[in-house]
4 protein chains.
Amino acid sequence: MPSPPHGAAAHIKTARGRPRSEGCHGAILGAVAELLRSEGYGALTIEAVARQAGVGKQTIYRWWRSRAEVVLEAYANHAASRVPVPDLGSLRADLEVFMVTAFNRLNDVSGPTMRGLMADAVLDPEFLVLMREVLIERRRGALREVLARGAQRGELDPAADGEVLIDLLFGALWHRLLLQHAALDAAFARQIVGVVLDGARARPGN
Amino acid sequence: MPSPPHGAAAHIKTARGRPRSEGCHGAILGAVAELLRSEGYGALTIEAVARQAGVGKQTIYRWWRSRAEVVLEAYANHAASRVPVPDLGSLRADLEVFMVTAFNRLNDVSGPTMRGLMADAVLDPEFLVLMREVLIERRRGALREVLARGAQRGELDPAADGEVLIDLLFGALWHRLLLQHAALDAAFARQIVGVVLDGARARPGN
Amino acid sequence: MPSPPHGAAAHIKTARGRPRSEGCHGAILGAVAELLRSEGYGALTIEAVARQAGVGKQTIYRWWRSRAEVVLEAYANHAASRVPVPDLGSLRADLEVFMVTAFNRLNDVSGPTMRGLMADAVLDPEFLVLMREVLIERRRGALREVLARGAQRGELDPAADGEVLIDLLFGALWHRLLLQHAALDAAFARQIVGVVLDGARARPGN
Amino acid sequence: MPSPPHGAAAHIKTARGRPRSEGCHGAILGAVAELLRSEGYGALTIEAVARQAGVGKQTIYRWWRSRAEVVLEAYANHAASRVPVPDLGSLRADLEVFMVTAFNRLNDVSGPTMRGLMADAVLDPEFLVLMREVLIERRRGALREVLARGAQRGELDPAADGEVLIDLLFGALWHRLLLQHAALDAAFARQIVGVVLDGARARPGN
DNA sequence: TCATAAACGAGACGGTACGTCTGGTCTTTCC
DNA sequence: GGAAAGACCAGACGTACCGTCTCGTTTATGA
């Protein structure tokens, strides 16, 4: 993420005085990553980040508007910038791989962070917009690509609305991620892709 | 909700001391409803509830463990106790009606509350368990009933896993509710039910 | 009192960050004085002081450890810094004037405050030490001076222990102040000084 | 102390209903003594006493008005009922023995309790009256007796005011007890009695 | 013998204040 | 003139006691 966040916009002019320290910026993001790892999202307060990073609170507020925005950038930096788009020649295979890849990342480390970000987004409309743009939309785009490739191959009913399919697939993912009532595993990936492609309706000929 | 909440559990025996006042209990829930309506989930603090209800803070903590638990009970009391299960003779119709009914409730008033509850559940594992039990599971049960009726009628592929279908349908609902990137309307209900039943795969004969 | 109170100790070095606001410090002491006057020692809570001074509670705790310490400083500021030491050429006259002066101050305004401070000191050993240092010892010193002058003039029995005389005189003062069983008036001053100098023993020659 | 305390006054009439339990009364006083010993005056709350005594709070309030009143009675019960009045044939000896006896009791166990009672008395005028009556006045009376005996023997200057002497002697005692700046020991007893009887003034002939 | 009435243990109740924590903002000095 | 440091106002947090108020139960007296 390039991240000249809020306020800094349109600093095309000379930028007098001491330039903003990239070192600070990095130290803050590093502190966030460290705290997420060691204490969890709940313990992540602006004050704790400032302490951990050896930075004044004001410096954090100069670059970001809220805890959630810092975390979002720290998270985006480290892992999410590239969402790989599989291309195996089959829509079903592509979707399954895509979902399993996403599941794996969530199960490994990023699950708690994503859950925390979503919680903050729900309570903070301004951040919700940002998160949709830099996190959600990026992933929807990747999935959209997969679907488009399938459509080109003629694997998709032309009447199907891609956005709805994306809502179904990501919806199922987020549902289990947030509620934790069942695992995000390969079986689940296969099942939701199966239903979304084939439907659950009984068919005479089967 | 029957709700002899925490600590009071299983006091079938004598129940000594002054009994807890149902009046207080109700006043608190009423205050929560009022504050949710007038100020929103964010402004809902224990202190504000106590003030509004004319009650000591300790009295709230005596009945509930956290803000989220009070809200959950207030919400469950007023609207959620009865989840209607449509029975129109067709699985597709039943599902569509079920989803549209849910959407309407969310669009009318309970959307913000549900979003707030989910945010708290994500940050508080203890509450997550409670919320799954009294809110989520109740709704899943209703949907499960609808699916079971369809299966009995032979409308469902016997190989389909009901829980997965439920995750897909509720996942899509929660996804749009939380991210607010698109409306929860009848069209969306029709679309997701359509995909879940028929699949999005292109079919030669169609 | 110069008063860079607790925690700030020995900051001879640079003192980074925003310096503590003398304005706040003064506003708090002013609020304490005002509340003591209008509501009395009992009504003086940290929260009331913060409210009256337009200050956060934390700011009070940053400067002082307890209610009693704030009051002590407020009191010391306004009245006690200078304990006048009379010098009339006679030990008896000096002692009587000293005691009457002290009585007058207590009868006018500072009586209730001194009683409150003593009550807190009795229940809080840490504060007791502080109070002895900045309030009691200062006054004992003044009385010690008076006695020393008398001794120089040869008016005191060289065998007499000054500290014991001070305990007797201040003891009598505090006794009536705390128990309120009799007035602190000029007659009492004359009487205790008389006994302490002359004794109450019957003497043949008298 | 006979102690049919407050409210019960003048029940000449039949006294219907269940009579007050002497067992409770005793259990409460015992709990107070125990708590004073083990936790100190500061930790002594009505709730703690009720818990320790296995008694409802209301029962305590039925007999006494405040914490201080319970403590006062517990203290008076166990030690203070009899203030011994020495009679050795000499005023000086009687006074010294009286003071040393008092000092010893304070140094042994009752010091903290007396200090706590005084702190409460200072903050609670109603209790101050009670404490003067049942604690202070009793002791002043004993000392008054000693002085009267001395006067009868012609050992006291007839012009001396006994109350002032008492204020001086008890004042010195309380002063050191409350401020803890020096020990209450036999030397101090001898010194204050010496000054009060002989005076500290230099005398030509001595 | 049984009704009345007060005391009892228990603990919920409305309050008040506590001391702590965090959020955002501001005000210094240092670089 | 940016940045660290940290003081500032504000206000919620959860806890501790306060003194009062129900409860159901117990223990007396008096009808």
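The values are calculated or read from the model by the stated rules, or taken from the named source; none is laboratory data. What you see is a predicted model, and the numbers here were worked out from it, not measured in a lab. As a convention, Cβ positions derive from the backbone with ideal geometry for all residues, glycine included, and neighbour counts pool all protein chains shown. Remember, those area values only see protein heavy atoms, side chains included, never the ligands or the DNA or RNA. Shrake-Rupley method; radii C 1.70, N 1.55, O 1.52, S 1.80 Å.
For region B:80-126, accessible area lost to neighbouring protein chains reaches 20 Å² or more, against the chain alone with a 1.4 Å probe, at B:115, B:118, B:119, B:122, B:123. Surface exposure of the protein assembly as shown, expressed per residue as accessible area with a 1.4 Å probe, stands at 48 Å².
Only helices enter this figure: runs of n ≥ 4 DSSP H residues, each worth -39500 (n - 2.57), summed and divided by the residues of chain B, yield -18500 deg cm²/dmol at 222 nm to the nearest 500. Projected onto their three principal axes, the Cα atoms of region B:74-206 cover extents of 49, 31, 26 Å, largest first. If the Kirkwood radius is taken over C-alpha pairs of the protein assembly as shown, then at 10 °C and 1.306 mPa s the Stokes-Einstein diffusion coefficient equals 46 µm²/s.
Interface area, chains B and A: about 3900 Å² of buried accessible surface, summed, with a 1.4 Å probe and ligands, DNA and RNA left out. With label points defined 7 Å past Cα in the direction of Cβ, position residue D:203 shows copy-to-copy spacings of 0.5, 12.7, 12.7 nm, given to one decimal and shortest first.
Note on chain C: GNM, Cα springs under 10 Å; of C:16, C:138, C:92, the largest mean-square fluctuation is that of C:16. Per the rotation superposing chains A and D, the chain A residue found at the smallest beta carbon distance from the axis is A:43, 17, distance in Å.
When residue C:153 is represented by a point 7 angstrom out along its Cα-to-C-beta vector, the spacings to that point in the other copies are 3.5, 11.5, 11.6 nm, nearest first. How many angstrom separate the Cα center of region B:132-206 from the Cα center of region A:25-86? The two parts, judged by their Cα centres, are 37 Å apart. With a 1.4 Å probe rolled over the protein heavy atoms of all chains, the accessible area of A:203, B:62, D:153 falls in the order B:62, D:153, A:203, largest first. Once both labels are positioned 7 Å from their Cα atoms along Cα-to-Cβ, the gap between residue D:190 and residue B:90 label points is 11.4 nm. Averaging 1/r over each pair of different alpha-carbon atoms in region D:24-97 and inverting the result gives 13.7 Å, the Kirkwood hydrodynamic radius.
Across identical copies of the chain, residue A:43 has label-point separations of 3.1, 3.5, 4.5 nm, listed in ascending order, with the point defined 7 angstrom from Cα along Cα→Cβ. Once the Kirkwood radius over Cα pairs is known for region D:5-155, the Stokes-Einstein relation at 10 °C and 1.306 mPa s delivers a diffusion coefficient of 92 µm²/s. Scaled against the 2.2 N^0.38 Å expected of a compact globular protein of N residues, the Cα radius of gyration of region A:120-169 reads 1.41.
Only Cα pairs under 8 Å and 6+ residues apart enter the sum, and on that basis the relative contact order of chain A stands at 20 percent.
Once the partner protein chains are put back, region B:162-176 shows a loss of at least 50 square angstrom of accessible area, versus the chain by itself, at B:164, B:167, B:168, B:175 (probe 1.4 Å, ligands and nucleic acids excluded).
To put it simply, the accessible area of chain B at a 1.4 Å probe is 53 percent carbon and sulfur.
Build a GNM of chain B with springs between Cα atoms under 10 Å apart, and of B:33, B:151, B:74 the one that fluctuates most is B:151.
The calculated Kirkwood hydrodynamic radius for region B:45-88 is 11.9 Å, given to one decimal from all distinct C-alpha pairs.
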